[in-house]
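K.L.:
I have a structure here, written as structure tokens, and I will follow up with some questions on it.
The values are calculated or read from the model by the stated rules, or taken from the named source; none is laboratory data. If you're wondering where the values come from, they're calculated on a predicted model, not measured in any experiment. Here the Cβ positions follow ideal geometry from the backbone for every residue, glycine too, while neighbour counts run over all protein chains shown. We work out accessible area using only protein heavy atoms, side chains counted, and drop any ligands, DNA or RNA first. Shrake-Rupley method; radii C 1.70, N 1.55, O 1.52, S 1.80 Å.
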2 protein chains.
Amino acid sequence: MIQKQKQDAAIWFESLQKQICAAFEKLEQAADENLYGPTPGKFQFEPWVRSDKDPKQGGGISGLMRGRLFEKVGVHFSKVNGTFPADYARQIPGADEDPRFWASGVSVIAHMRNPRVPAVHMNTRYIVTTQDWFGGGGDLTPTLAAQRTQENPDALAFHAGMKEACTPHACADYDRYKDWCDEYFHLPHRDEPRGIGGIFYDRLNSGDWAADFAFTKDVGLAFLRTYTDIVRGRMSESWTDTEREEQLILRGRYVEFNLLYDRGTTFGLKTGGNVKTILSSMPPIVKWP
Amino acid sequence: MIQKQKQDAAIWFESLQKQICAAFEKLEQAADENLYGPTPGKFQFEPWVRSDKDPKQGGGISGLMRGRLFEKVGVHFSKVNGTFPADYARQIPGADEDPRFWASGVSVIAHMRNPRVPAVHMNTRYIVTTQDWFGGGGDLTPTLAAQRTQENPDALAFHAGMKEACTPHACADYDRYKDWCDEYFHLPHRDEPRGIGGIFYDRLNSGDWAADFAFTKDVGLAFLRTYTDIVRGRMSESWTDTEREEQLILRGRYVEFNLLYDRGTTFGLKTGGNVKTILSSMPPIVKWP
């Protein structure tokens, strides 16, 4: 039974990667050449394997576009299995008895050239140990102080999109997921939020696999629809050097968060994950003046 | 007795801060205006206190210069006391019985505009719990692959300077401190050294306080002499855009090291240290292309 569920989830994550990349390339092509230059970027796809010695441990496909509108965007699919290190296994539900795991997911981080177009992050995943669950979420990171408010139209649109993903699903608790996101994407050392929030959920297993999977699919689709709308609405605005400077500095917070606190990043880097893919989330240019 | 030792150490660290800043400003002024522009930078000094509520917990003086040759350099003095959080106290010699501590030190991180002039880090400190010890070291981080070898003249000069600081002192074990530095300043996720090394030592208490202090003073002076020589020898070389690009990317490794691994940085940020001073070590511009 679980074999079929793994397969369905992985097929979905891989197809979502393709849909997102196609949609982002379309925006990239539609960008105004007076603002972004004449040449649209294209995604480069790079397959990787978790272990050179054991191809059965799976791997993934890294998608990276260094474009004109999308200054740097990673859209990655992975499907891996292996054994958790002992001390990590203790922290993972169902892995204390048996440290073997299977995991598949898709993750997106977009850093935009135009400081008026917010950066974004989305990830959904399905994990199997002796237990199994979905997790994921999406959050929006505007880089200009003027846009980093809950009243900003982009923030309202993003929250509305994430709520729409939750509402039809009895297994999803929007209010809880929204709070969880605010709590997670917070920089304690600066006492600052990373962005304007979104949703975050983990260890979702309601007992109805099909329902949890349907919700997780809707998170991906709602993200895609909402974020492309936000980009389309902002991309024609021109920007000033001062705004670009503000963006490059704000990106430093992104780096601080990912390297100091983000569980996926620090775990991946400290336990031999795919460094190139993990660090593709780093912004292309950053300033700490 | 320990009061006098604390006082002597703190007076030295503060005077070393002043000497280093004066020497760096002299180099900054001597820089060729054709390469670096017409206006030399100056250090801005900013006093800070560890606790607004309790001025008796001390503080420090942050020195920061955003210059033309020194693109961004921090030279910081601190003298603080307080109580370690319980879980941290367990890791600190002498703090398990009594979590109170006193600490003073000086730290330097220089990021240079010219990619041919290596970046550098130096720190020396004196810590008192129910035990007391000196620690510190210095390491050089050239940013161009061509200079990141042990045979490079700057590397040879830096190692020679650090060795000179150790040799006259029976309490100092140069070979061990050199290895310790290589081991500490290493990025496991990339399996790369941060720079070309130097020395690193900690928990030095030979039983002869005056000897340990004399050695620690010599580390600071040897650093100052050696690094200013290296800068003076390199600063007239012009550089290419390709070299600048290489430098900005290599600086990313510095960020990764400091936020993922550096004990001082992560401890400071996670336990309410002076964020502005701690993060003044971040390079002014960085690229992850």
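K.L.:
Can you give me the number of residues within segment A:1-25 that are exposed (fewer than 13 other Cβ atoms within 10 Å of the Cβ) and in contact with a helix residue (DSSP H, G or I) (Cβ under 8 Å, 6 or more places away or on another chain)?
P.N.:
Within segment A:1-25, residues that are exposed (fewer than 13 other Cβ atoms within 10 Å of the Cβ) and in contact with a helix residue (DSSP H, G or I) (Cβ under 8 Å, 6 or more places away or on another chain) number 0.
K.L.:
Could you list, in sequence order, the residues of segment B:65-92 that are among the charged types (D, E, K, R) and either open to solvent by 20 Å² or more (accessible area, probe 1.4 Å) or within 14 Å of chain A (Cβ to nearest Cβ) (or both)?
P.N.:
B:Arg66, B:Glu71, B:Lys72, B:Lys79, B:Asp87, B:Arg90
K.L.:
Looking only at segment B:130-141, which residues are in contact (Cβ under 8 Å) with a residue 40 or more places away in the chain and of a type in the set (Ser, Thr, Tyr)?
P.N.:
Across segment B:130-141, the qualifying residue is only B:Thr141.
K.L.:
Filter segment B:186-226 for residues that are open to solvent by 10 Å² or more (accessible area, probe 1.4 Å), under 28 Å from B:Leu27 (Cβ atoms), among the aliphatic types (A, V, I, L, M) and within 18 Å of the chain's Cα centre (by Cα) and give the result.
P.N.:
Hits for segment B:186-226 are B:Leu221, B:Leu224.
K.L.:
Go through (1) more than 20 Å from A:Gly136 (Cα to Cα); (2) at pLDDT 85 or above; (3) more than 7 Å from every other protein chain (Cβ to nearest Cβ) and name the single condition A:Lys287 misses.
P.N.:
(3)
K.L.:
Looking at this structure, is B:Ala95 surrounded by fewer than 23 Cβ atoms within 10 Å (Cβ to Cβ) and free of Cβ contacts under 8 Å to residues at least 24 places away in the same chain?
P.N.:
no
K.L.:
May I pose another question? Determine whether B:Glu245 is surrounded by fewer than 18 Cβ atoms within 10 Å (Cβ to Cβ) and among the acidic types (Asp, Glu).
P.N.:
Against the criterion (surrounded by fewer than 18 Cβ atoms within 10 Å (Cβ to Cβ) and among the acidic types (Asp, Glu)), B:Glu245 qualifies.
K.L.:
Which one of these is in contact (Cβ under 8 Å) with a residue 12 or more places away in the chain and farther than 22 Å from B:Val275 by Cα: B:Leu64, B:Leu69?
P.N.:
One residue alone meets the criteria, B:Leu69.
To keep it simple, each residue is scored yes or no on (1) more than 21 Å from the chain's Cα centre (by Cα); (2) of a type outside the set (Ser, Thr, Tyr).
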position	(1), (2)
A:Asp32	yes, yes
A:Thr39	yes, no
A:Gly59	no, yes
A:Gly82	yes, yes
A:Ala86	yes, yes
A:Ala95	yes, yes
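K.L.:
With the checklist (1) assigned to a strand (DSSP E or B); (2) within 30 Å of B:Thr228 (Cα to Cα) in hand, flag the one item B:Ala160 doesn't pass.
P.N.:
(1)
For (1) within 20 Å of B:Gln19 (Cβ to Cβ); (2) among the β-branched types (Val, Ile, Thr), each residue gets a yes or a no:
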{"position": "B:Val108", "(1), (2)": "yes, yes"}
{"position": "B:Trp133", "(1), (2)": "no, no"}
{"position": "B:Thr149", "(1), (2)": "no, yes"}
{"position": "B:Asn152", "(1), (2)": "no, no"}
{"position": "B:Leu156", "(1), (2)": "no, no"}
{"position": "B:Met162", "(1), (2)": "yes, no"}
{"position": "B:Arg176", "(1), (2)": "no, no"}
{"position": "B:Trp180", "(1), (2)": "no, no"}
{"position": "B:Glu183", "(1), (2)": "no, no"}
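K.L.:
Test B:Tyr36 against the stated conditions and say whether it is aromatic (Phe, Trp, Tyr) and at pLDDT 90 or above.
P.N.:
Yes, satisfied.
K.L.:
Out of everything in segment A:213-257 that is of a type in the set (Lys, Arg) and more than 14 Å from chain B (Cβ to nearest Cβ), what residue ends up being farthest from A:Lys6 (Cα to Cα)?
P.N.:
Among them, the one singled out is A:Arg234.
K.L.:
Going by the conditions given, is B:Gln29 in a helix (DSSP H, G or I), without any contact (Cβ under 8 Å) to a residue 12 or more places away in the chain and over 21 Å from B:Asn123 (Cα atoms)?
P.N.:
yes
K.L.:
While we're looking at this one, here's another question. Please work out if A:Ser78 is in contact with an Asp or Glu (Cβ under 9 Å, 6 or more places away or on another chain), at negative phi, hydroxyl-bearing (Ser, Thr, Tyr) and assigned to a strand (DSSP E or B).
P.N.:
So A:Ser78 does not fit the description; no.
K.L.:
Further question: Which ones in segment B:266-289 are surrounded by fewer than 21 Cβ atoms within 10 Å (Cβ to Cβ), among the β-branched types (Val, Ile, Thr) and free of Cβ contacts under 8 Å to residues at least 24 places away in the same chain?
P.N.:
Passing the criteria: B:Thr266, B:Val275.
K.L.:
Looking only at segment B:155-168, which residues are open to solvent by 30 Å² or more (accessible area, probe 1.4 Å) and farther than 15 Å from B:Phe200 by Cα?
P.N.:
Within segment B:155-168, B:Leu156, B:Ala157, B:Pro168 qualify.
K.L.:
Any residue at all in segment A:105-112 that is in a strand (DSSP E or B), open to solvent by 20 Å² or more (accessible area, probe 1.4 Å) and hydrophobic (A, V, I, L, M, F, W, C)?
P.N.:
Yes, some residue in segment A:105-112 is in a strand (DSSP E or B), open to solvent by 20 Å² or more (accessible area, probe 1.4 Å) and hydrophobic (A, V, I, L, M, F, W, C).
K.L.:
Taking segment A:111-156 only, how many residues are in contact with a helix residue (DSSP H, G or I) (Cβ under 8 Å, 6 or more places away or on another chain), farther than 27 Å from A:Ile285 by Cβ and small (Gly, Ala, Ser)?
P.N.:
The total comes to 1.
K.L.:
Taking the criterion of being under 30 Å from A:Glu246 (Cβ atoms), within 14 Å of chain B (Cβ to nearest Cβ), part of a strand (DSSP E or B) and in contact with a Gly (Cβ under 8 Å, 6 or more places away or on another chain), would at least one residue in segment A:47-64 satisfy it?
P.N.:
Within segment A:47-64, one or more residues are under 30 Å from A:Glu246 (Cβ atoms), within 14 Å of chain B (Cβ to nearest Cβ), part of a strand (DSSP E or B) and in contact with a Gly (Cβ under 8 Å, 6 or more places away or on another chain).
K.L.:
In segment A:117-153, what residues are assigned to a loop (DSSP other than H, G, I, E, B) and surrounded by fewer than 21 Cβ atoms within 10 Å (Cβ to Cβ)?
P.N.:
Once the filter is applied, which keeps residues that are assigned to a loop (DSSP other than H, G, I, E, B) and surrounded by fewer than 21 Cβ atoms within 10 Å (Cβ to Cβ), segment A:117-153 yields A:Thr129, A:Thr130, A:Gln131, A:Leu144, A:Arg148, A:Thr149, A:Gln150, A:Glu151, A:Asn152.
K.L.:
Just the residues that are exposed (fewer than 13 other Cβ atoms within 10 Å of the Cβ) and either in a strand (DSSP E or B) or of a type in the set (Val, Ile, Thr) (or both), please, taken from segment A:32-46.
P.N.:
If the condition is that a residue be exposed (fewer than 13 other Cβ atoms within 10 Å of the Cβ) and either in a strand (DSSP E or B) or of a type in the set (Val, Ile, Thr) (or both), then A:Thr39, A:Gln44 are the ones that fit.
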